[in-house]
Amino acid sequence: MKNTALTDIHIKLGAKMVPFAGYNMPVQYAGINAEHETVRNGVGVFDVSHMGEFIIKGEHALDLIQRVTSNDASKLYDGKVQYSCLPNKDGGIVDDLLVYRLDEKTYMLVVNASNIEKDWDWISAFNTFGAEMKNISDKTSLLAVQGPKAAEALQSLTDIDLASMEYYTFKKGKFAGLDNILVSATGYTGAGGFEIYFENSQAEHIWNAIFKAGEPFGMKPIGLGARDTLRLEMGFCLYGNDIDDTTSPLEAGLGWVTKFSKEFTNSAALQQQKQEGIKRRLVGIEMIDRGIPRHDYPIVDAEGNNIGRVTSGTQSPSLQKAIGMGYVKTEFAKEGTEIYISIRDNKVKAKVVKPPFTA
């Protein structure tokens, strides 16, 4: 099992460590609910160094990215980030990812930890353009500093004006006394904040500097457990749960990152699917009766007929109610539709809602 450059620090802080995507990762420190509230209302720090990073560069770097991703990367400019998908040849998704334009001929792709090798092999197979590809995952660390107090807590560490950065943009500058650190106004929590990329050798220095600067703001380390509850409240997809090799981006509500203004892997089939209409759709689920919708629980109608399955679910710490996401037949996907979650063979009443979930 791999460690991040900060694993020893997590263990010293008393984190509960679990295997995740081949890495030894902190799932919680003080507890998921407390950590969730810290991020929603203040500021918290996630070590997400397990994520993968690829550099694609050269005259035809953009051509390769356009070929393998569903979104239109030609719209990017220097310092802009784009959410996208790698469609497979069967209508499903190889992975979801972020595309960073570093300059006209240089891009960074940020992929899910569990898919690093799979994504690398997939993209490489389409590299008939001679683009230079470099996998920098093992030498790159990544911290996500998330929450409404993130900009204020970090500003003393950098010459980048954090408060003025637009969502899904990034800048390189001095950070914690180090040059050329990439700071991105992105995140997976819906609470605002930044993601900071740097080399493993700089990890301990940057971690310590961030926590020293963040101390007056009540900054805390946050584990992957709260990362999951935070993203679920926003309705953000998790690869392997809500999207995978069998789910189409259109079914998953990712039509907004599926641009038919260009050709990409399986684009003709996906365009046909859009024209003919999809047979199932990913929806938000809010429980009416008592019970938590867990991954893979069946979703049924009033007569008990199977109409879908739950992909993610939890007791929402912010909302004090059980929520989830799942695929249902399209005729049951309308907001407000009453559905039932089959929990230990009991039909438990729920309704379809549109994420993000609110109180």
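The values are calculated or read from the model by the stated rules, or taken from the named source; none is laboratory data. Quick caveat, the model's predicted, so the values are computed rather than measured. As a convention, Cβ positions derive from the backbone with ideal geometry for all residues, glycine included, and neighbour counts pool all protein chains shown.
Overview of results
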quantity: Subset of region 242-259 that is of a type in the set (Ser, Thr, Tyr) and surrounded by 20 or more Cβ atoms within 10 Å (Cβ to Cβ) - its residue that is nearest to Val68 (Cα to Cα); calculated: Thr258
quantity: Scan of region 301-317 for residues that are part of a loop (DSSP other than H, G, I, E, B) and not hydrophobic (A, V, I, L, M, F, W, C), ordered by number; calculated: Asp301, Glu303, Gly304, Asn305, Pro317
quantity: Qualifying residue in region 80-100 (condition: out of contact with any strand residue (DSSP E or B) (no Cβ under 7 Å at 6 or more places or on another chain) and farther than 21 Å from Asp245 by Cβ); calculated: no
quantity: Any hit, region 90-112, residues being more than 21 Å from Tyr168 (Cα to Cα), surrounded by fewer than 18 Cβ atoms within 10 Å (Cβ to Cβ) and among the β-branched types (Val, Ile, Thr); calculated: no
quantity: Exclusive hit being over 22 Å from the mean Cα position of the chain (by Cα), in a strand (DSSP E or B), surrounded by fewer than 21 Cβ atoms within 10 Å (Cβ to Cβ) and at pLDDT 95 or above, set Lys262, Lys334, Lys274, Lys349; calculated: Lys349
quantity: Residue tally, condition touching a helix residue (DSSP H, G or I) at 6+ places or on another chain (Cβ under 9 Å) and among the acidic types (Asp, Glu), over region 165-214; calculated: 2
quantity: Flag for Arg294 being outside the structural domain of Glu37 (by TED's automatic domain parsing), outside any strand (DSSP E or B) and touching a residue at least 12 places away in the same chain (Cβ under 8 Å); calculated: yes
quantity: Of residues in region 318-331 being under 27 Å from Arg40 (Cβ atoms) and assigned to a strand (DSSP E or B), the one farthest from the chain's Cα centre (by Cα); calculated: Lys321
quantity: Answer residue from region 298-317, given it is of a type in the set (Gly, Ala, Ser) and crowded, with 19+ Cβ neighbours inside 10 Å and is farthest from Arg280 (Cα to Cα) among those; calculated: Ser316
quantity: Index of the failed condition, Asp121 passing every other in (1) among the acidic types (Asp, Glu); (2) in a strand (DSSP E or B); (3) free of Cβ contacts under 8 Å to residues at least 40 places away in the same chain; calculated: (2)
